[in-house]
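Contents: one structure, followed by commentary.
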Amino acid sequence: MQVVATAGHVDHGKSTLVRALTGMEPDRLAEERRRGLTIELGYAWTTLPSGERLAFVDVPGHERFLGTTLAGVGPVPAVMFVVAADEGWMPQSQEHLVALEALGVRHGLLAVTRADLADPAPVVEEAGVRLAAAGLTGAEALAVSGRTGQGLDELRKALDRLVARLPEPDPGAPVRLWIDRAFSVRGSGTVVTGTLPEGRITVGDELVLGDGLARVRALECLKEPVTSVTGVARVAVNLRGGAAERGRALLTPGAWTMTDLADVRLSPVGGARETSLPGRLSAHLGSAAVGCAVRPLGDGVVRLRLARPLPLHVGDVLLLRDPGRATGTDRTEVRVLAGASVLDVRPPPLRRRGAARLRAAELTKAPSGAGALLRTHRLLRGADLLAMGCVPEGEPVCGDWYADPEHWSLLGERLAETVARHAAEHPLEPGMPVEAARNALGLPERRLVAALVRPPLAVTGGRIVSGPPRGLPEPVARAVSRLRAELSARPFLAPEAGRLAELGLGPRELAAAVRAGMLLRIADGIVLLPGADVAAARLLARLPQPFTVSQARQALATSRRVAVPLLEHLDRGGLTERLDGVNRRCPAATR
Ligand SMILES: Nc1nc2c(ncn2[C@@H]2O[C@H](COP(=O)(O)OP(=O)(O)O)[C@@H](O)[C@H]2O)c(=O)[nH]1
Ligand SMILES: [Mg+2]
């Protein structure tokens, strides 16, 4: 299925043409039929000669209903632009065309109606030029009459050619169904309708609606019940839960960024060279219309602050218009001011002087896509990128995290510096705690720190150590040397607490010396020379087996204070085996 919206000045024959093409009545309201005027959006559909189904969203042409017109045109990929042969180009012809230009609608055709009342050729000519100038370059022009049926067969064929040219929608895309009607049906709750541009909705889906979730109870497509529907389609969704009204959207959870702040690039419309905007505007996207404040950043880039958050992706195109001039007396005045292409949906705060200009320069320079977002945000989850409207590129740096390559290598350098500074300031600590490094670098998760660690840095025991052990501070080194000299004379007689205190070697200093490979730790406060344990085992292996603690103590010429923990240390290393409460032996292999 495809969906096409009508556009054009009031009374030029839009609704008549839709009626003639579909046999359905787009003007549903009694008031519309009484006044012969479209007030609300109308819906009708037909099957084209190719067999393709085509639905129309028929919009009002009257200037008073521009908001409704935009809600109808906004989510629709193509347009049937109607101009009456007997009236020619009119103010709302111009206004609708400028709106289509602002929204970036590139696909459409021109129907010059009421061809039975006047020669259509001059209008075909003039309107054709205008449509092409507004970006509807490939639009075919047809002269038709909704009254006599002239040209309708050709129009149907041209509609077939138009929909065949439309880009193929992605059924896997996230859902954003802009609600254009919401009503209650007795016994089945809320029903909303809209044009689904892409993605898939299935009965049972939970979709985001406002602040909550709504479950899809039932679906209809052109009045027929379906269990699943993919865009492009006109759909009616029966919902449980959620606050439904025009201008809200049903969304795939997690796939959109709800934001009231966006940086956008303005594109001038209606042939204007540049755009200067009033400070307060109305922004339109899909069926939504919200007030917004504009802050120019420079180079045609502005920051929009929206009166309520909208679900946005980078690359969305908003239409900006001046609501203040909606009731102006100058009827030729065009109120659509610009298109606004979304560059960033999570723009950074601008605090410092000159920040706005720098930001504008950054946004102007950067190509779009994940790379550009990462240059601004430096580090993003893949899920964040998707919610911002970009498919992550390249490899994540760890888990689901993606980084700007330049920033990532800078972080690596900063980590090395930070670890080195920490080591200099805390020479006796075994390295910098990963959590402290995370803090210092301002990273959101500890595993990002681990991902940044490269040789000679290494992570051990929750700390980042920088390569091989460094020298001990001078006084500690001297004291350790004294101790080592004493131990080499009596290798198993570990120094007493008093001696350690005299040498100024507390637990931290001893631990540092152990890390530096200068001492071997047997137990708390018991240190020997490295290799003393193996030497002890060799001596013990010569004893008659098994042996007692007392026999071991004598063989090693040491005290019980050292012998007990030393034997336990040897037990742990498999160099001795404990047989019972009294006896040990050296395993056969070591004897
Ligand atoms: N003679 C003639 N009248 C038409 C044609 N199309 C529409 N009209 C008349 O023009 C008036 C406005 O038509 P309508 O479809 O409501 O215009 P809309 O406001 O653009 O939807 C109605 O009175 C129609 O009967 C046409 O092709 N030929
Ligand atoms: Mg109408």
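The values are calculated or read from the model by the stated rules, or taken from the named source; none is laboratory data. Quick caveat: nothing in here was measured; it's all calculated off a predicted structure. So basically every Cβ, Gly included, is an ideal-geometry build from the backbone, and we count neighbours across all protein chains shown. Heads up: the accessible areas ignore ligands, DNA and RNA and are worked out on the full protein's heavy atoms, side chains in. Shrake-Rupley method; radii C 1.70, N 1.55, O 1.52, S 1.80 Å.
Might you check whether a residue that is open to solvent by 30 Å² or more (accessible area, probe 1.4 Å), out of contact with any Leu (no Cβ under 6 Å at 6 or more places or on another chain) and either near ligand 2 (Cβ under 9 Å from one of its atoms) or part of a loop (DSSP other than H, G, I, E, B) (or both) occurs anywhere in the stretch 64-83?
no
Mind counting the residues in the stretch 62-97 that are modelled with pLDDT under 90 and out of contact with any Ser or Thr (no Cβ under 7 Å at 6 or more places or on another chain)?
Total meeting the criteria: 14.
Can you name every residue in the stretch 11-42 that is surrounded by 17 or more Cβ atoms within 10 Å (Cβ to Cβ), within 23 Å of ALA182 (Cβ to Cβ) and in contact with a Phe, Trp or Tyr (Cβ under 7 Å, 6 or more places away or on another chain)?
Of everything in the stretch 11-42, those that are surrounded by 17 or more Cβ atoms within 10 Å (Cβ to Cβ), within 23 Å of ALA182 (Cβ to Cβ) and in contact with a Phe, Trp or Tyr (Cβ under 7 Å, 6 or more places away or on another chain) turn out to be VAL18, PRO26.
What do you reckon, is VAL59 crowded, with 19+ Cβ neighbours inside 10 Å, closer than 21 Å to VAL229 by Cβ and either in contact (Cβ under 8 Å) with a residue 12 or more places away in the chain or among the charged types (D, E, K, R) (or both)?
No, not satisfied.
For LEU21, are the conditions met, namely being more than 15 Å from ligand 1 (Cβ to nearest atom), of a type outside the set (Val, Ile, Thr) and in contact with a strand residue (DSSP E or B) (Cβ under 8 Å, 6 or more places away or on another chain)?
Against the criterion (more than 15 Å from ligand 1 (Cβ to nearest atom), of a type outside the set (Val, Ile, Thr) and in contact with a strand residue (DSSP E or B) (Cβ under 8 Å, 6 or more places away or on another chain)), LEU21 does not qualify.
If I ask for residues that are within 14 Å of ligand 2 (Cβ to nearest atom), under 19 Å from LYS223 (Cα atoms) and touching a helix residue (DSSP H, G or I) at 6+ places or on another chain (Cβ under 7 Å), which ones from the stretch 41-63 would you list?
Answer for the stretch 41-63, where residues must be within 14 Å of ligand 2 (Cβ to nearest atom), under 19 Å from LYS223 (Cα atoms) and touching a helix residue (DSSP H, G or I) at 6+ places or on another chain (Cβ under 7 Å): LEU41, GLY42, ALA44, PHE56, VAL57, ASP58.
Can you tell me which of (1) touching a residue at least 60 places away in the same chain (Cβ under 8 Å); (2) more than 13 Å from ligand 2 (Cβ to nearest atom); (3) more than 15 Å from VAL144 (Cβ to Cβ); (4) part of a helix (DSSP H, G or I) is the one GLN92 doesn't meet?
That leaves (2) as the condition not met.
Are any residues in the stretch 26-56 closer than 20 Å to ALA71 by Cα and within 11 Å of ligand 1 (Cβ to nearest atom), and if so, which ones?
Residues satisfying the conditions are PRO26, ASP27, GLU32, LEU37, THR38, ILE39, GLY42.
Which fully enclosed strands (runs of 3 or more DSSP E) of the stretch 382-467 have 2 or more residues being more than 30 Å from ALA516 (Cα to Cα) and either touching a residue at least 60 places away in the same chain (Cβ under 8 Å) or in contact with a strand residue (DSSP E or B) (Cβ under 9 Å, 6 or more places away or on another chain) (or both)?
Strands (runs of 3 or more DSSP E) meeting the threshold: 401-403.
Based on this model, can you work out whether THR22 counts as closer than 17 Å to VAL144 by Cα, within 8 Å of ligand 2 (Cβ to nearest atom) and over 41 Å from the mean Cα position of the chain (by Cα)?
When the stated conditions are applied, THR22 does not pass them.
What are the residues in the stretch 122-158 that are within 16 Å of ligand 2 (Cβ to nearest atom) and open to solvent by 60 Å² or more (accessible area, probe 1.4 Å), if any?
Hit for the stretch 122-158 is ARG147, nothing else.
List pairs: first in the stretch 562-589 and in a helix (DSSP H, G or I), second open to solvent by 40 Å² or more (accessible area, probe 1.4 Å), Cβ under 6 Å, 6+ apart or cross-chain?
From the stretch 562-589, the pairs are ALA563/ARG553; ASP571/ARG578.
Please go through the stretch 95-121 and give me each residue that is closer than 20 Å to LEU17 by Cα, open to solvent by 30 Å² or more (accessible area, probe 1.4 Å) and outside any loop (DSSP other than H, G, I, E, B), ordered by number.
HIS107, ALA121
Say we look at the stretch 1-10 and pick out the residues that are open to solvent by less than 10 Å² (accessible area, probe 1.4 Å) and not hydroxyl-bearing (Ser, Thr, Tyr); which of these is nearest to ligand 1 (Cβ to nearest atom)? Talk me through it step by step, then tell me what you get.
Kept after step one, since they are open to solvent by less than 10 Å² (accessible area, probe 1.4 Å), are these residues of the stretch 1-10: 3-8.
Filter once more, keeping what is not hydroxyl-bearing (Ser, Thr, Tyr): 3-5, 7-8.
Values: VAL3: 18, VAL4: 15, ALA5: 13, ALA7: 10, GLY8: 6 Å.
The extreme case among them is GLY8.
Do you know which of the residues in the stretch 504-515 that are in contact with a helix residue (DSSP H, G or I) (Cβ under 8 Å, 6 or more places away or on another chain) and of a type in the set (Gly, Ala, Ser) is surrounded by the most Cβ atoms within 10 Å (Cβ to Cβ)?
ALA513
What's the total number of residues in the stretch 347-371 that are touching a strand residue (DSSP E or B) at 6+ places or on another chain (Cβ under 8 Å), under 19 Å from GLY389 (Cα atoms) and not in a loop (DSSP other than H, G, I, E, B)?
Of the residues in that region, 3 qualify.
Let's see how each residue does on (1) within 10 Å of ligand 1 (Cβ to nearest atom); (2) under 20 Å from VAL98 (Cβ atoms):
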{"position": "ALA118", "(1), (2)": "yes, no"}
{"position": "VAL123", "(1), (2)": "no, yes"}
{"position": "ALA127", "(1), (2)": "no, yes"}
{"position": "ALA133", "(1), (2)": "no, yes"}
{"position": "LEU136", "(1), (2)": "no, yes"}
{"position": "LEU142", "(1), (2)": "no, no"}
{"position": "THR148", "(1), (2)": "yes, no"}
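From the list LEU177, LEU142, LEU155, pick out the single residue that is farther than 30 Å from LEU310 by Cα, in contact with a strand residue (DSSP E or B) (Cβ under 9 Å, 6 or more places away or on another chain) and not in a helix (DSSP H, G or I).
When all the criteria are applied, what remains is LEU142.
Mind listing whichever residues of the stretch 35-63 are in a strand (DSSP E or B) and not small (Gly, Ala, Ser)?
Within the stretch 35-63, TYR43, TRP45, THR46, THR47, ARG53, LEU54, PHE56, VAL57, ASP58 qualify.
Within the set of pairs 6+ apart or on separate chains, which have a first residue in the stretch 193-205 that is open to solvent by 50 Å² or more (accessible area, probe 1.4 Å), a second that is in a strand (DSSP E or B) and of a type outside the set (A, V, I, L, M, F, W, C), and C-beta atoms under 6 Å apart?
From the stretch 193-205, the pairs are ARG200/THR230.
If you check ARG64 against the conditions, is it within 14 Å of ligand 1 (Cβ to nearest atom) and within 19 Å of SER15 (Cα to Cα)?
Considered against the rule, which asks whether it is within 14 Å of ligand 1 (Cβ to nearest atom) and within 19 Å of SER15 (Cα to Cα), ARG64 comes out as yes.
Being crowded, with 16+ Cβ neighbours inside 10 Å, under 13 Å from the mean Cα position of the chain (by Cα) and more than 18 Å from ALA451 (Cβ to Cβ) narrows it down to one of LEU363, LEU379, LEU386, LEU374, so name that one.
The conditions single out LEU386.
Residues checked against (1) surrounded by fewer than 17 Cβ atoms within 10 Å (Cβ to Cβ); (2) modelled with pLDDT of 95 or more; (3) more than 21 Å from ALA5 (Cβ to Cβ):
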site	(1), (2), (3)
VAL269	no, no, no
SER276	yes, no, yes
LEU281	no, no, yes
LEU297	no, no, yes
VAL302	no, no, yes
THR329	yes, no, yes
ALA340	no, no, no
